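Here is the structure we will look at.
The values are calculated or read from the model by the stated rules, or taken from the named source; none is laboratory data. Bear in mind that the values here come from a model prediction, so they are computed numbers and not experimental data. All Cβ positions, glycine included, derive from the backbone under ideal geometry; neighbour counts span all protein chains shown. Just so you know, the surface numbers come from the protein's heavy atoms only, side chains and all, with ligands and any DNA or RNA stripped out. Shrake-Rupley method; radii C 1.70, N 1.55, O 1.52, S 1.80 Å.
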Amino acid sequence: FHLGPYVVLEQVGQGAKGRVYKARHRTTNRLVAVKVLSPDADRAEFQAGVRAAARLGHPNVVTAYDVNELGGRVYVVM
């Protein structure tokens, strides 16, 4: 399926706050991980964590490239 500009290739993980998918950006062909927040998860807490991660620049910390919402579902691209 498609999630914004990303073509989802396969699910690679699942946790209490959402599911993680391997995806490819349609234009750049960049492979990314896309975490889609569960509908019952706390959006404010999730978005605060993503903002904090986006400010970090360290080889041992995943880089957050994008945070967006589509059809009422929040997702982060890493």
task: Extending each Cα 7 Å along its Cβ direction at residue 42 and residue 66, get the distance between those two points in nm, one decimal.
output: 2.8
message: Just to confirm, what accessible area per residue do you get for the chain at 1.4 Å probe, in whole Å²?
response: 65
- prompt: What shape does the chain have by the C-alpha gyration tensor, where a ≥ b ≥ c are the square roots of the eigenvalues, rounded means a/c under 1.5, and otherwise prolate means a/b greater than b/c and oblate the rest?
  reply: oblate
task: Pop out the carbon and sulfur fraction of the accessible area of the chain as a percent, whole number, probe 1.4 Å.
output: 51
- prompt: Separation of segment 53-78 and segment 2-51 by C-alpha centroid, Å?
  reply: 8
